[in-house]
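*Asks:* I'd like to ask some things about the structure below.
The values are calculated or read from the model by the stated rules, or taken from the named source; none is laboratory data. Because the structure is predicted, anything quoted here is derived from the model rather than measured. For neighbour counting, all protein chains shown are included, and Cβ atoms are generated from backbone atoms with ideal geometry for every residue, glycine included.
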Amino acid sequence: MAMSARADSPPLDFAEIRSDVEAVLDGFLAAKTHVGAGGGRAVADEGAETLRAFLSGGGKRMRPILCAVGWCAGGGGPLPPQVLRVAGSLEMFHAFALIHDDLMDCSSSRRGRPTVHRALSARYRPGRTAEAADQLGANAAMLIGDLALAWSDELLHTAGLTAGELARVLPVVDAMRTEVMYGQYLDLTSTGHPTPDVDRSLAISRYKTAKYTVERPLHIGAILADAGPPVLSALSAFALPAGEAFQLRDDLLGVYGDPAATGKPALDDLRDGKATALIALALRRASSAQISEVRPLLGCPTLTEAQAEVARGVISDTGARARVEDMIRVRHEKAVQALRNADLPTEAVEYLTDIARLLVERDQ
């Protein structure tokens, strides 16, 4: 059955959307337990429970919310179950991306909890050496991430979309998945070797965040509402600068953020030598003396908090921190201006204006 065209609809309640999407995910994972026999049952139970624990550990549910806002922007009426299930598939895909990202970055915590590979390593440590347990945890986390990827696809294909709706939305989902892999690859190959190349850093931000986090979820929701190219273009004009602003804020939080608020260690970006716009700008603006002081600290795996404070001070002294704040402000203004020029439903403009503010005014 096709989804209904626009009718007078109640305002979107973001808290309710989060709750509804979590109910979709909980129901899906509950159905995945006890589906095998013998060892297969144990694997199914453990995979579902590991993902349930990860998904219940927090998160903004930004992609499902933006999918719902895209539905509104495209002229959709009250949110139907099909859209909520598609939104749930985006969150399941995000779980895959985060689990693999943490694994590649060797991160120890996510949202204030041990990352999946660390948790699995601890679970299977009895009777094994620490090295063997860590290797097992990493391999098992890779498979749990793969499971989340497969199940995100299953959620999408069992959402109850018509053949026409699925045909319209699949190319956008495929593009989103490809783009985030491109961004992740650029990030992976740049990490540990930061350079003054701001354009490369912004390209990583565009693929990993602006398109994946903001633009494509909006497009997916709008396409499900049967929106045409003008709506999609208007959403892109908002999403790309808003998404870049979001990632630039993330870059600042990765160096200057409070771990109690971010849920992530404050040293990881510096220890890994992340090729962020913040670091690129610092290297571009630094004097020879500042380069000599900060370069050995970027990508140093044994970096101490005291050394990190030195690096933070040098980065700030170059003016890079203030420059990134300016870049965030300019991109936020560009996103808001795009909404003023867009022919979108009034309520969608209001939702997106609020979201743009939340994307940049955050401490986590």
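*Asks:* Just to be sure, is A15 more than 21 Å from L98 (Cβ to Cβ), under 20 Å from the mean Cα position of the chain (by Cα) and modelled with pLDDT of 85 or more?
*Replies:* The answer is yes for A15.
*Asks:* Which residue pairs have Cβ atoms under 6 Å apart, sit 6 or more places apart or on different chains, and have a first residue in segment 112-133 that is closer than 25 Å to A266 by Cα and a second that is buried (at least 17 other Cβ atoms within 10 Å of the Cβ) and among the polar types (S, T, N, Q)?
*Replies:* T115/S107
*Asks:* For a quick check of your reading: which helices (runs of 4 or more DSSP H) sit entirely within segment 201-291 and have at least 1 residues that are more than 17 Å from the chain's Cα centre (by Cα), of a type in the set (G, A, S) and crowded, with 19+ Cβ neighbours inside 10 Å?
*Replies:* Ranges flagged: 216-224, 229-256, 277-285.
*Asks:* Of A5, A44, which residue is at pLDDT 60 or above and among the small types (G, A, S)?
*Replies:* A44
*Asks:* Further question on the same structure: For segment 115-133, indicate whether the set of residues that are among the β-branched types (V, I, T) and surrounded by 20 or more Cβ atoms within 10 Å (Cβ to Cβ) is non-empty.
*Replies:* Yes; the residues of segment 115-133 include at least one that is among the β-branched types (V, I, T) and surrounded by 20 or more Cβ atoms within 10 Å (Cβ to Cβ).
*Asks:* Turning to a different aspect of this structure: In segment 174-185, is there at least one residue being acidic (D, E), closer than 30 Å to A31 by Cα, without any contact (Cβ under 8 Å) to a residue 12 or more places away in the chain and assigned by TED's automatic domain parsing to the domain that holds V324?
*Replies:* Yes - at least one qualifying residue is present in segment 174-185.
*Asks:* Looking at segment 100-142, which of its residues are of a type in the set (A, V, I, L, M), out of contact with any His (no Cβ under 8 Å at 6 or more places or on another chain) and within 22 Å of E154 (Cβ to Cβ)?
*Replies:* The one that is of a type in the set (A, V, I, L, M), out of contact with any His (no Cβ under 8 Å at 6 or more places or on another chain) and within 22 Å of E154 (Cβ to Cβ): V116.
*Asks:* Please pick out the residue among G299, G273, G254, G263 that is of a type in the set (G, A, S) and at negative phi.
*Replies:* Criteria check complete, one pass: G254.
*Asks:* Could you grab me the full set of residues in segment 333-346 that are surrounded by fewer than 16 Cβ atoms within 10 Å (Cβ to Cβ) and modelled with pLDDT of 95 or more?
*Replies:* E333, Q337
*Asks:* A further question on this structure: Assess whether V330 counts as being within 25 Å of D258 (Cβ to Cβ) and at pLDDT 95 or above.
*Replies:* Answer is no for this residue.
*Asks:* May I ask you to list the residues in segment 292-319 that are in a helix (DSSP H, G or I) and either within 28 Å of the chain's Cα centre (by Cα) or buried (at least 18 other Cβ atoms within 10 Å of the Cβ) (or both)?
*Replies:* Listed by number, the residues that qualify are V294, L297, E305, A308, E309, A311, R312, V314, I315, S316.
*Asks:* Name the residues in segment 156-200 that are aliphatic (A, V, I, L, M) and loosely packed, with under 13 Cβ neighbours inside 10 Å, would you?
*Replies:* Scanning segment 156-200 gives A163, A167.
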